[in-house]
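Asker: Before we start, here is the structure in question, set down as structure tokens.
No value in this document is a laboratory result; all are computed from the given coordinates. Everything quoted here is computed from the prediction, not taken from an experiment. FYI the Cβ positions are ideal-geometry reconstructions off the backbone, even for glycines, and counts take in every protein chain you see.
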Amino acid sequence: MSARLFIISTPIGNLKDISARAKEALLSANVVLAEDTRVSLKLLNHLDIKKKLISCHKFNEKSRLDLLQSLLENGQDAAIVSDAGTPCLCDPGQLVIQTAIELGFEIVPIPGPTAIIQALIGSGLDSSRFSFEGFLPDKKKELKTMAQALEQEKRTMVFFVSPHGLLEKLIVLSEVFKDRPACVARELTKLHEEFIRGSIAQIHDFLSKKENSVKLKGEFTLVIEGNKELEQEGEASAEDLKEYIQMALSQNQSVKDISASCQTRFGVRKSDAYKLTLEIMASSLSENNL
């Protein structure tokens, strides 16, 4: 029987999210390769598991490859974990996994929590097709270039965001993506888990308020709607647009927000959507007064 490499997804905040299968894999492994042994030790202590922990992060991952050969020769299993979530997804592990495959390890991925999926399904945005774009660049020029390259992307986009400079990044993104619906998910699975929804500019304004400054701490995942204008162009009839506006008005949405949504969903100009919304409002008031 060949040696196994367990790729284990670990909780992103709430330790109760660890699966029974992940626990079994940790128990089976002879060695656990951990992004930060101090963080992984807390998880193992929580599970009452004692294992040999070996650090494996982006600065020393290459030096750990010889260990795999030794484990394979002795028929021993290994597990790889990151501090939170799934190894390789913006975390170390890719080189270890590639080498293990080449050496002949049996690769056993263990599914579990990931902020990417949690943020996506909690955002309320289209989850039928999406792309994960990793961390947003910290430098303004690189960020703008990245955003412009994704401006025509039709799929919902998911990004990791470091809390440093979050407000500044939202300003740049709002310049490129305009009034697209978006969501910032913070502290996922933790006590203060929160989803902040709206346009990118609205999210920025909310987080800019002094009373919300505490919300700028922690882990963030950003979800932005794809370019629906390309999908809707030429497809939406006047009746579709009218029905959408009537529905939005019944939900007490403002004329400004309805106009922005019409631009995103149907590709019409804001000014035209604004004018049509006012006409529908006037018509509705007239009918109610009869």
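Asker: Compute the distance in nm between two label points, each set 7 Å from the Cα along the Cα-to-Cβ direction, one at Phe206 and one at Ser284.
Answerer: 2.3
Asker: Counting Lys and Arg as +1 and Asp and Glu as -1, what is the net charge of the other residues whose Cβ lies under 14 Å from the Cβ of Leu167?
Answerer: Working: positive: Lys140, Lys169, Arg186, Lys209, Lys210, Lys215, Lys217; negative: Asp138, Glu168, Glu175, Asp205.
Spelling it out: positives minus negatives among the neighbours equals +3.
Asker: Longer than 29 Å from Cα to Cα, which of Lys62/Lys169; Lys178/Lys215; Lys52/Lys215; Lys50/Lys215 are they? Say none if no pair is.
Answerer: On the way: Lys62/Lys169 33 Å; Lys178/Lys215 23 Å; Lys52/Lys215 37 Å; Lys50/Lys215 36 Å.
In this structure, Lys62/Lys169; Lys52/Lys215; Lys50/Lys215 exceed 29 Å between Cα atoms.
Asker: On a 32 Å Cα-Cα criterion, which of the cross-link pairs Lys141/Lys242; Lys58/Lys141; Lys58/Lys209 come out too long? Write down the numbers at each step before the final one.
Answerer: On the way: Lys141/Lys242 40 Å; Lys58/Lys141 25 Å; Lys58/Lys209 37 Å.
Where the Cα-Cα span goes over 32 Å, the pairs concerned are Lys141/Lys242; Lys58/Lys209.
Asker: Here's another thing I want to ask about it. With a/c under 1.5 counting as rounded, go ahead and sort the chain into rounded, prolate or oblate using the C-alpha gyration tensor (a ≥ b ≥ c being the square roots of the eigenvalues; past the cut-off, prolate if a/b is larger than b/c, else oblate).
Answerer: On the way: a/c = 2.67, a/b = 2.54, b/c = 1.05.
Because a/c hits 1.5 or more and a/b exceeds b/c, the chain counts as prolate.
Asker: Net charge within 12 Å of Asp91 by Cβ-Cβ distance, Lys/Arg positive one each and Asp/Glu negative one each, not counting Asp91 itself?
Answerer: Numbers: positive: Lys58; negative: Glu35, Asp36, Glu61, Asp83.
Computed value for this residue: -3.
Asker: Work out, in µm²/s and without decimals, the Stokes-Einstein translational diffusion coefficient of the stretch 1-160 at 37 °C, 0.692 mPa s, Rh from Kirkwood over C-alpha pairs.
Answerer: Numbers: Rh = 17.0 Å.
Approximately 193 µm²/s, per Stokes-Einstein.
Asker: Roughly how many nanometres apart are two label points built 7 Å out from the Cα toward the Cβ at Ser19 and Lys140?
Answerer: Going by the 7 Å Cα→Cβ label model, 4.4 nm.
Asker: Gln253 versus Leu65, label points 7 Å from Cα toward the beta carbon: distance in nm?
Answerer: 5.3
Asker: For Gly13, which sequence-distant residues (separation of 5 or more, or a different chain) have an amide H within less than 5 Å of its own amide H, given hydrogens modelled in the peptide plane?
Answerer: none
Asker: Quick one: of the DSSP bridges fully inside the chain, what percent are antiparallel, nearest 5? Each step should come with its number before you reach the end.
Answerer: Details: 17 of 37 bridges.
Taking every DSSP beta bridge within the chain, about 45 percent pair in antiparallel fashion.
Asker: Tabulate in residue order the Karplus-calculated ³J(HN,Hα) for the stretch 110-118, using 6.51 cos²θ - 1.76 cosθ + 1.60 with θ = phi - 60°, rounded to whole Hz; enter x for Gly and Pro.
Answerer: Result, ordered by residue: 10, x, x, x, 8, 5, 4, 6, 4 Hz.
Asker: Further question: Once R0 is set to 22 Å, what does the formula 1/(1 + (r/R0)^6) return for the Cβ-Cβ distance between Asn74 and Glu106, expressed as a FRET efficiency to the nearest 0.05? Intermediate values should be presented prior to the final figure.
Answerer: Details: r = 15 Å, r/R0 = 0.68.
Given R0 = 22 Å and the Cβ-Cβ separation, E is 0.90.
Asker: So, one more: So what is the 222 nm mean residue ellipticity for the chain from helices alone, if each DSSP H run of at least 4 adds -39500 (n - 2.57) and you divide by all residues, rounding to the nearest 500 deg cm²/dmol? Please list the in-between numbers first.
Answerer: Values: 12 runs with 127 residues, N = 290.
Helix-only estimate at 222 nm: -13000 deg cm²/dmol.
Asker: Could you tell me which of rounded, prolate or oblate describes the stretch 116-226, using a ≥ b ≥ c as the square roots of the eigenvalues of the alpha-carbon gyration tensor, with rounded for a/c under 1.5 and, failing that, prolate when a/b is larger than b/c and oblate otherwise? Can you show the working numbers first?
Answerer: Working: a/c = 1.56, a/b = 1.15, b/c = 1.36.
Cα axes put the stretch 116-226 in the oblate bin.
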